[in-house]
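First up is the structure itself, then whatever we jot down about it.
No lab work stands behind these numbers, since they all come straight from the coordinates. Not measured: the values here are computed from a predicted model. Cβ atoms come from the backbone with ideal geometry, glycine included; neighbour counts cover every protein chain shown.
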Ligand code: PNS
């Protein structure tokens with residue numbers, strides 16, 4: 001039985017993340033999706049509880065996926081949930097540098113290894129930061145995020 005941890009900021013979760021979770025759910029027995037704090041990204045739009053509530057809605061159709069949130073080191077969460085691997089998605093070469101560094105740091109401070117999965121090219125432009133910005137300025141992001149997120153963004157940015 002292989003259990004993997006898919007961590008991220010998920011502020012908010014978008015269709016590129018959904019693809020990663022659906023792929024992981026096919027490849028592995030169990031997937032734990034976890035909203036964590038990325039200290040480099042500041043406070044964000046949604047708090048951890050809100051992000052996790054959205055993750056719950058988005059992945060309730062997948063029987064082998066559970067969600068959680070955590071305010072600490074991803075390697076500590078990996079050990080807490082008994083994850084065999086951390087999964088990270090790569091959209092482009094630009095992601096690789098920072099993801100490699102995080103994977104190496106996590107491997108230096110724990111036993112957990114990181115596996116990278118490529119994102120489909122048609123979704124490689126998706127980024128939560130850009131989705132927040134476009135939604136805040138009134139653009140249509142409904143094709144880029146699950147319906148629950150689209151509604152929540154509209155609610156948050158309603159004037
Ligand atoms: O979606 P993101 O912002 O690329 O996800 C990054 C995240 C949240 C996975 C990363 O910042 C993280 O692991 N944060 C938890 C704190 C931690 O373990 N930091 C050390 C990383 S080497």
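Highest mean packing first, where packing is the average number of other Cβ atoms within 10 Å per residue, the peptides 131-139, 31-39 line up as 31-39, 131-139. Measuring between their Cα centroids, the range 7-35 and the range 109-159 lie 12 Å from each other. If R0 equals 25 Å, the separation of the Cβ atoms of residue 1 and residue 124 corresponds to a calculated FRET efficiency of about 0.20.
Compared with the alpha-carbon gap, the fully stretched path from residue 90 to residue 49 is longer by 12.2 nm at 0.36 nm per residue. For the chain, the longest principal axis of the Cα atoms and the long axis of helix 15-27 meet at an angle of about 30 degrees. A full extension of the chain between residue 105 and residue 143 corresponds to an added length of 10.2 nm, given 0.36 nm per residue minus the alpha carbon distance.
For the chain, the relative contact order is 28 percent, taking Cα pairs closer than 8 Å that sit 6 or more residues apart in sequence and dividing their mean separation by the residue count.
Each of residue 71 and residue 156 was given a label point 7 Å from its Cα along the Cα-to-Cβ line. The distance between the two points is 1.8 nm.
With N the number of residues in the range 69-159, Rg(Cα) / (2.2 N^0.38 Å) evaluates to 1.34. Peptides 21-28, 111-118 ordered by packing proxy, namely the average of other Cβ atoms within 10 Å per residue, highest first: 21-28, 111-118.
Sorted ascending by nearby beta carbons within 10 Å, beginning with the fewest, 125, 70, 59 become 125, 70, 59. If you bin all the Cα-Cα distances of the range 17-119 at 10 Å, starting from zero, the percentages per bin are 14, 45, 39, 2.
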